[in-house]
Amino acid sequence: MNSIADILARARSRDAALPYAGAVTPAEAHALLGADSAVKLIDVRTNAERDWVGRVAIPESQHGAVQWSTYPGGVPNPHFLEQLGAVAKKDDVLLFLCRSGVRSRHAAKLATEHGYTQCYDILEGFEGDKDAEGHRKQAGGWCKAGLPWLGA
């Protein structure tokens with residue numbers, strides 16, 4: 001089994017040019033969450049996505065829901081940093097998750113720019129990219145990896 005240090009070292013080495021600490025696979029994120037109760041998952045999807053699509057099945061104490069943009073309309077959340085500060089400390093290991101891995105990268109970057117020192121993007125997100133038929137949860141992501149989640 002990989003230790004927390006091993007997983008984080010691999011995450012940091014994936015791309016030295018990332019403007020945040022690193023990137024983890026969904027399986028690595030799950031291992032980190034299971035190994036250390038201080039690791040936090042920051043789900044930056046909209047409340048509607050979490051309610052209608054599903055959410056990661058982890059203890060509530062490790063889950064922070066902070067919308068990157070709001071629904072409806074996709075307007076950037078002007079309170080993102082304030083809300084992040086309510087669920088995380090600047091030195092916490094934070095794993096950012098969105099639908100497919102785009103918003104989470106932006107969130108990890110912004111958090112890092114504001115003093116959060118251990119921000120990691122979860123590659124592929126919760127649902128992953130669309131497959132050839134336009135469906136999600138088939139071509140990557142937390143769900144496709146068979147990790148625990150609660151359906152809507």
- Item | Rounded to 5, the percent of DSSP beta bridges in the chain classed as antiparallel | 20
- Under the definition of Cα pairs under 8 Å and six or more residues apart, what whole-number percent is the relative contact order of the stretch 73-124? 39
- Task: Taking only Cα atoms and a 10 Å spring cutoff, compute GNM fluctuations for the chain and point out the largest among F126, F96, F80.
- Result: F80
- the stretch 4-151 - Rg (one decimal) and Dmax (whole number), Cα, Å: 14.1, 41
- Query: If amide H atoms are built 1.01 Å from N in the plane of the peptide, which residues on other chains or at least 5 residues away come under 5 Å of the amide H of S69?
  - Reply: N77
- Query: Using a Gaussian network model of the chain with C-alpha springs under 10 Å, which one of G74, G22, G128 is most mobile by mean-square fluctuation?
  - Reply: G74
- Item | ³J(HN,Hα) computed for each position of the stretch 53-63 - Karplus, 6.51 cos²θ - 1.76 cosθ + 1.60, integer Hz, glycine/proline x | 9, x, 8, 5, 8, 9, x, 4, 5, 9, 10
- Could you work out which residue, out of K90, K130, K109, moves most in a Gaussian network model of the chain, that is, has the largest mean-square fluctuation with Cα springs under 10 Å? K130
- Item | Rounded, prolate or oblate (a/c below 1.5 giving rounded, otherwise prolate when a/b exceeds b/c) for the stretch 42-117 by Cα gyration tensor | oblate
- Show that you can apply the helix-only estimate: for the chain, add -39,500 (n - 2.57) for every DSSP H stretch of four or more residues, divide by all residues, and state [θ] at 222 nm to the nearest 500. -9000 deg cm²/dmol
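Read-outs: derived from the displayed coordinates by stated rules, not from any lab. Just so you know, these numbers come straight off a predicted model, no measurement behind them.
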